[in-house]
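A quick write-up on the structure given underneath.
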Amino acid sequence: MLAKLSSAVLQGIEASLVDVEVNTGEIGELRFILVGLPDAAVRESQDRVFSALSNVGFRAPATRTTINLAPGHLKKEGPMYDLPIALGILKATGQIAFRYERPLLFAGELGLSGELRPIKGGLSIALLAKKYNMGVVLPADSAHEAALVNDVNVFPARTLDEVVRFLECRNDIVPLNASESFYSKHVMADYPIDFAEVKGQAAVKRAVEIAVAGGHNLLLIGPPGSGKSMIAKRIPGIMPKPHIDEFLEILSIQSAAGITLNAADRALKRPFRAPHHTISDVGLLGGGTIPAPGEISLAHNGVLFLDELPEFKRSALEVLRQPLEDGTVAISRSAGKVTLPSAFMLVAAMNPCPCGHLGDAKRECRCTVPQIQRYRAKISGPLLDRIDIHVEAPSISVSEIQKKENAEPSTTIRDRIGRCRDLQAQRLAHSKAKCNARMENAEIQQHCALSPENSQLMSQAMEELDLSARAYTKILKVARTIADLANSTDIAANHLLEAIQYRSLDRQLFY
Amino acid sequence: MQEPLTSREAVLVLNAVSGVGPVLYRRLMETFGSPERILEADEYALTRVEGVGPKTAQAIRDWATTFSLSKEKRLLLDWGAVFLTPDDAAFPPLLRKIYDCPLGLYMLGDVMCLKKPCVSIVGSRRSTLYGISVAKKLAAGLARAGFCVVSGMARGIDAAAHEGALEAGGSTLAVLGSGIDIVYPPENKELYDAIRQKGLIVSEFPFGRTVNRQTFPMRNRIISGLSEAVIVVESAIHGGSMITANTAGEQGRTLMAIPGRIDQVSSQGCHQLIRDGAILVTSVEDVLEELAYGAQQLEMQLPSASKPRPVMSLSPLEQKIYQALADGACVGLDALAERTGMPISDVASTLLLLELKKQVVKRADGTFEARVFA
């Protein structure tokens, strides 16, 4: 007898429909055949399923059985087909009769005792179910992320037995409501780390605020121990709270990457990713035979922090350029081409010189001028092109750290940034750009007009500081953000001057 | 059979042979009596001299394979340079006295500079505005007083010293760590040309020799060796100028140092020298007095003591920031905001204005320094 159920396959972060067909009672020797490009984990599902079936009180098929995962050209990965295969066997062997009428999608890993374990991509599967107007049965743990999708019935199940009773209409499973999800319970949960803990570094904080307010990428230059990482980690906390759509994007990537499988901290917040500088291009961009999200996608709608920027392989930095421009990354592999979102804020950090002690009052820097210049030149022009703000983080003395008074908390900064973002959203309502940093040339001309005196000032600065030409538009955009923070319609001279101050890496300095 | 070499030619050859330094040369001379004889000696006789191994002996015997005398002589002619040996009357007498006096010196420019008493001004490549301005003023003052200002044509203090002397219309002498035809660092090309025109460029290295780790300390001993006094303007504890200070001490030359701020890494070397007995110098007069040159000997009038810099019209905000920097310290944005009580945004924008008005510079470490000294 033939049974047919629906499940899903993940490609990148998108799920597409898979039919799980189980045919039992075939003539021939007793065998269990699994087709449809299964990987090792899918193939092993036979053993898990048989054990689970017997422990729940059912029998494995006693005849030759074929299981087909269609469409046959897509590679199937992971243990998520355990549940539909088990149900297919039960239906095909006539051990249960489905009374539930509405169409359903199934995914879940089975334990030997018949309990259901969480799977990757629960959120993407719910989105797929929504598209086909189906309900979805998921392991309870995975249901929490899926429940955030509107207008889909997500049935959380703990065991195979529960699913069987539900399908036979002997027992009801109440669909999980978005409001009951872990994530919703921690909606807008505050970040455990706060800017109030960062003592001193007023200039860096100011630069960070401008960067976040305008969506600008940021480079911190400072000796080891100046608190660059500490500050970077706190940036997601001052970014505007993620809209539910943004959060669904964040979560669907994390879910597809398996991060949500056993995440301790399930709250609605922006990601912070800090890959080590030895990371491979694939690790950064995403890839693998079945394309999986890389660090830049995991940082989508959040912060990608690259500490020790000059230490990163040149190739790794070069591949960042396109995603930084487009906000998406396209990965082509033999298994197909996927496009993943990667709209992150880049926060990079570097030492001021090869030894790291330039400007450190305690330690002598013995780097020569050419060494320092070479070290700084390691950051290629095209990448520097995409970083609007450079700021120096001075080394901090112990007395500064021990200062009792707390600094401004993240929430205060976030409120200011939120107002500034609203202002930009209004002004850019009719353009593709959502923030100042993403303005195109036409928009820059329209919104960053300088008065004749300020134009004069700008040319003077370009010339005297030997600023590179690429700095020009960066400065205008940053000046626009500074003006927005000050709630000023026009870019005033002091806004412009401050913006110029944040271009340390492509100007002349005194050695 | 080619013509026998003259004594000067033989020294030119020996100076270029690898493995033959000043000390070994002196020993060879004690054995053979003249440079020509050294080149004529057979390998056995050479190896009997203490310190000459088979490799060096071989190098001396086969000098023609590594060195073209005719080319070197042609280059000397083309460049209008001379090669002086300690036997020449024009060779600087002070340098002749040092333990490791070079075999000879290539000289390019005005050799009359050597007639003047020499004082060297050396210091860090990475300097502050303070150091630069002190070096310049001191060099100008000494040049006006009739001294030839000696330095190494490196970045920073060295370059400032040469410039100061040239601007005052005085003499200056640059000792290179490369052949006299090589300009290092390349950005000092203009300075090199100016010194070639109005001063003297000196090196013990043959044409085409490039700089390396060894040539700088060798160059330093000549800087101090040429000079009656060595003035260290700015140096970190491990700076290259400390080597010059050391050789000055060994050669028995007067060592002077310019004090700086105690919180400035760039002056710590100078403070160390002063602690160890170097003479603290704050003006040209200090130098003259120490060297026992009476003011009557001065060819020109001394520059008047540092007069305050003419202040451009500054806005109250600019004035406030400038005042906060007026003590000569190198200060970052944070510290300036604290000193002035102004918000970071105002400090950042005002500093840029001051920079455009050339009152302040931004340094590579992210700090700012005011042009307090003229």
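Tally up the residues in the stretch A:481-491 that are open to solvent by 10 Å² or more (accessible area, probe 1.4 Å) and within 9 Å of chain B (Cβ to nearest Cβ), please.
2
Look at residue A:51 and say whether it is in contact with a strand residue (DSSP E or B) (Cβ under 9 Å, 6 or more places away or on another chain), open to solvent by 20 Å² or more (accessible area, probe 1.4 Å), among the hydroxyl-bearing types (Ser, Thr, Tyr) and within 21 Å of residue A:115 (Cα to Cα). Spell out how you get there, then give the answer.
Values: in contact with a strand residue (DSSP E or B) (Cβ under 9 Å, 6 or more places away or on another chain): yes; open to solvent by 20 Å² or more (accessible area, probe 1.4 Å): yes; among the hydroxyl-bearing types (Ser, Thr, Tyr): yes; within 21 Å of residue A:115 (Cα to Cα): yes.
For residue A:51, the condition - in contact with a strand residue (DSSP E or B) (Cβ under 9 Å, 6 or more places away or on another chain), open to solvent by 20 Å² or more (accessible area, probe 1.4 Å), among the hydroxyl-bearing types (Ser, Thr, Tyr) and within 21 Å of residue A:115 (Cα to Cα) - is met.
Okay, residues lined up against (1) out of contact with any His (no Cβ under 8 Å at 6 or more places or on another chain); (2) open to solvent by 10 Å² or more (accessible area, probe 1.4 Å):
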{"site": "A:199", "(1), (2)": "yes, yes"}
{"site": "A:221", "(1), (2)": "no, no"}
{"site": "A:226", "(1), (2)": "yes, no"}
{"site": "A:234", "(1), (2)": "yes, yes"}
{"site": "A:243", "(1), (2)": "yes, yes"}
{"site": "A:248", "(1), (2)": "yes, yes"}
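Any residue in the stretch B:225-247 that is in the same structural domain as residue B:125 (by the TED database) and in contact (Cβ under 8 Å) with a residue 24 or more places away in the chain sitting within a Cβ distance under 9 Å of a residue that is open to solvent by 10 Å² or more (accessible area, probe 1.4 Å) and aromatic (Phe, Trp, Tyr)? List the pairs, counting only those 6 or more apart or interchain.
Within 9 Å, the pairs are B:234/B:130; B:240/B:216; B:243/B:216.
Picking from A:508, A:460, which residue would you name as being in contact with a helix residue (DSSP H, G or I) (Cβ under 8 Å, 6 or more places away or on another chain), open to solvent by 30 Å² or more (accessible area, probe 1.4 Å) and facing another protein chain (nearest Cβ under 9 Å)?
On the way: A:508 fails: in contact with a helix residue (DSSP H, G or I) (Cβ under 8 Å, 6 or more places away or on another chain).
Just one listed residue meets the conditions, A:460.
Just need a number here: residues in the stretch A:120-161 that are of a type in the set (Asp, Glu) and under 20 Å from the mean Cα position of the chain (by Cα).
The qualifying residues number 1.
Matching residues to (1) more than 20 Å from residue B:192 (Cβ to Cβ); (2) open to solvent by less than 10 Å² (accessible area, probe 1.4 Å); (3) assigned to a loop (DSSP other than H, G, I, E, B); (4) out of contact with any Asp or Glu (no Cβ under 9 Å at 6 or more places or on another chain):
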position	(1), (2), (3), (4)
B:88	yes, no, yes, yes
B:98	yes, no, yes, no
B:106	no, yes, no, no
B:114	no, no, no, yes
B:121	no, yes, no, no
B:139	no, yes, no, no
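Take the residues in the stretch B:164-212 that are in a helix (DSSP H, G or I) and closer than 21 Å to residue B:83 by Cα; name whichever of them is most open to solvent (accessible area, probe 1.4 Å).
Here the residue is B:197.
Looking only at the stretch A:34-48, count how many residues are in a helix (DSSP H, G or I), surrounded by 14 or more Cβ atoms within 10 Å (Cβ to Cβ) and of a type outside the set (Ser, Thr, Tyr). I'd like the intermediate steps shown before the answer.
Just the residues of the stretch A:34-48 that are in a helix (DSSP H, G or I), to begin with: A:40-43, A:45-48.
Now narrow it down to the ones that are surrounded by 14 or more Cβ atoms within 10 Å (Cβ to Cβ): A:41-42, A:45-46, A:48.
With the extra rule that they be of a type outside the set (Ser, Thr, Tyr), the set shrinks to A:41-42, A:46, A:48.
The total comes to 4.
Of everything in the stretch A:35-51 that's touching a helix residue (DSSP H, G or I) at 6+ places or on another chain (Cβ under 6 Å) and of a type outside the set (Val, Ile, Thr), which residue is farthest from residue A:159 (Cα to Cα)? Step through it out loud before you land on a result.
The first filter runs over the stretch A:35-51 and keeps only residues touching a helix residue (DSSP H, G or I) at 6+ places or on another chain (Cβ under 6 Å), leaving A:41-42, A:45, A:48-49.
Cutting the leftovers down to of a type outside the set (Val, Ile, Thr) gives us A:41, A:45, A:48.
Numbers: A:41: 20, A:45: 16, A:48: 13 Å.
Within the stretch A:35-51, the match that is farthest from residue A:159 (Cα to Cα) is A:41.
Can you tell which of A:117, A:99 is open to solvent by 50 Å² or more (accessible area, probe 1.4 Å) and within 27 Å of residue A:267 (Cβ to Cβ)?
Unique residue meeting the criteria: A:117.
Has the stretch A:269-289 got at least one residue that is at positive phi, within 14 Å of another protein chain (Cβ to nearest Cβ), over 12 Å from the mean Cα position of the chain (by Cα) and touching a residue at least 24 places away in the same chain (Cβ under 8 Å)?
No, the stretch A:269-289 contains no residue that is at positive phi, within 14 Å of another protein chain (Cβ to nearest Cβ), over 12 Å from the mean Cα position of the chain (by Cα) and touching a residue at least 24 places away in the same chain (Cβ under 8 Å).
For a quick check of your reading of the model, give me the residue pairs whose first member lies in the stretch A:341-365 and is within 14 Å of another protein chain (Cβ to nearest Cβ), whose second is open to solvent by less than 10 Å² (accessible area, probe 1.4 Å) and part of a strand (DSSP E or B), with beta-carbon atoms closer than 6 Å and at least 6 apart or on different chains.
Matching pairs, first to second residue: A:349/A:220; A:350/A:221; A:352/A:221.
Under 6 Å by Cβ, and 6 or more places apart or on different chains, what pairs join a residue from the stretch A:96-123 that is of a type in the set (Val, Ile, Thr) with one that is open to solvent by less than 20 Å² (accessible area, probe 1.4 Å) and not in a loop (DSSP other than H, G, I, E, B)?
A:96/A:90; A:96/A:164; A:119/A:80; A:119/A:142
With the requirement that a residue be more than 28 Å from residue A:226 (Cα to Cα) and either over 20 Å from the mean Cα position of the chain (by Cα) or outside any helix (DSSP H, G or I) (or both), what does the stretch A:316-338 give you?
Of everything in the stretch A:316-338, those that are more than 28 Å from residue A:226 (Cα to Cα) and either over 20 Å from the mean Cα position of the chain (by Cα) or outside any helix (DSSP H, G or I) (or both) turn out to be A:327, A:328, A:329, A:330, A:331, A:332, A:333, A:334, A:335, A:336, A:337, A:338.
Have a look at A:131, A:91 and point out the one that is charged (D, E, K, R) and surrounded by 19 or more Cβ atoms within 10 Å (Cβ to Cβ).
A:91
Of the residues B:327, B:365, B:346, only one is outside any helix (DSSP H, G or I), of a type in the set (Asp, Glu) and either touching a helix residue (DSSP H, G or I) at 6+ places or on another chain (Cβ under 9 Å) or more than 7 Å from chain A (Cβ to nearest Cβ) (or both); which?
Testing whether each residue is outside any helix (DSSP H, G or I), of a type in the set (Asp, Glu) and either touching a helix residue (DSSP H, G or I) at 6+ places or on another chain (Cβ under 9 Å) or more than 7 Å from chain A (Cβ to nearest Cβ) (or both) leaves just B:327.
Starting from residues that are part of a helix (DSSP H, G or I) and surrounded by 20 or more Cβ atoms within 10 Å (Cβ to Cβ), keep the ones in the stretch A:250-276 and report whichever is modelled with the lowest pLDDT.
Within the stretch A:250-276, the match that is modelled with the lowest pLDDT is A:260.
Given the conditions (1) within 27 Å of residue B:85 (Cα to Cα); (2) surrounded by fewer than 24 Cβ atoms within 10 Å (Cβ to Cβ); (3) within 14 Å of another protein chain (Cβ to nearest Cβ); (4) not aliphatic (A, V, I, L, M), and given that residue B:238 satisfies all but one, which numbered condition is not satisfied?
Residue B:238 satisfies every listed condition except (1).
Scanning the stretch B:332-360 for residues that are among the hydrophobic types (A, V, I, L, M, F, W, C) and surrounded by fewer than 19 Cβ atoms within 10 Å (Cβ to Cβ), which turns out nearest to residue A:394 (Cα to Cα)?
The qualifying residue nearest to residue A:394 (Cα to Cα) is B:342.
Read through the list (1) touching a residue at least 40 places away in the same chain (Cβ under 8 Å); (2) open to solvent by 10 Å² or more (accessible area, probe 1.4 Å); (3) facing another protein chain (nearest Cβ under 8 Å), then give the number of the only condition that residue A:497 fails.
Only one criterion in (1) touching a residue at least 40 places away in the same chain (Cβ under 8 Å); (2) open to solvent by 10 Å² or more (accessible area, probe 1.4 Å); (3) facing another protein chain (nearest Cβ under 8 Å) is unmet by residue A:497, namely (2).
Could you list all residues from the stretch B:217-249 that are in a helix (DSSP H, G or I) and hydrophobic (A, V, I, L, M, F, W, C)?
Passing the criteria: B:218, B:222, B:223, B:226, B:242, B:243, B:245, B:248.
Does residue A:82 qualify as being of a type in the set (Asp, Glu), over 30 Å from residue A:174 (Cβ atoms) and part of a helix (DSSP H, G or I)? Full working, then the answer.
Working: of a type in the set (Asp, Glu): yes; over 30 Å from residue A:174 (Cβ atoms): no; part of a helix (DSSP H, G or I): yes.
In short, no.
What is the one condition in (1) open to solvent by 40 Å² or more (accessible area, probe 1.4 Å); (2) touching a helix residue (DSSP H, G or I) at 6+ places or on another chain (Cβ under 9 Å) that residue A:339 does not satisfy?
Residue A:339 satisfies all of (1) open to solvent by 40 Å² or more (accessible area, probe 1.4 Å); (2) touching a helix residue (DSSP H, G or I) at 6+ places or on another chain (Cβ under 9 Å) except (2).
With (1) within 13 Å of chain B (Cβ to nearest Cβ); (2) surrounded by 15 or more Cβ atoms within 10 Å (Cβ to Cβ); (3) at pLDDT below 90 as the list, and residue A:389 as the residue in question, which single condition is left unmet?
(3)
The values are calculated or read from the model by the stated rules, or taken from the named source; none is laboratory data. All of these numbers come straight from a predicted model, not from anything done at the bench. All Cβ positions, even for glycine, are placed from backbone atoms using ideal geometry, and neighbour counts span all protein chains on display. Ligands, DNA and RNA are excluded from the accessible area calculation, which covers all protein heavy atoms including side chains. Shrake-Rupley method; radii C 1.70, N 1.55, O 1.52, S 1.80 Å.
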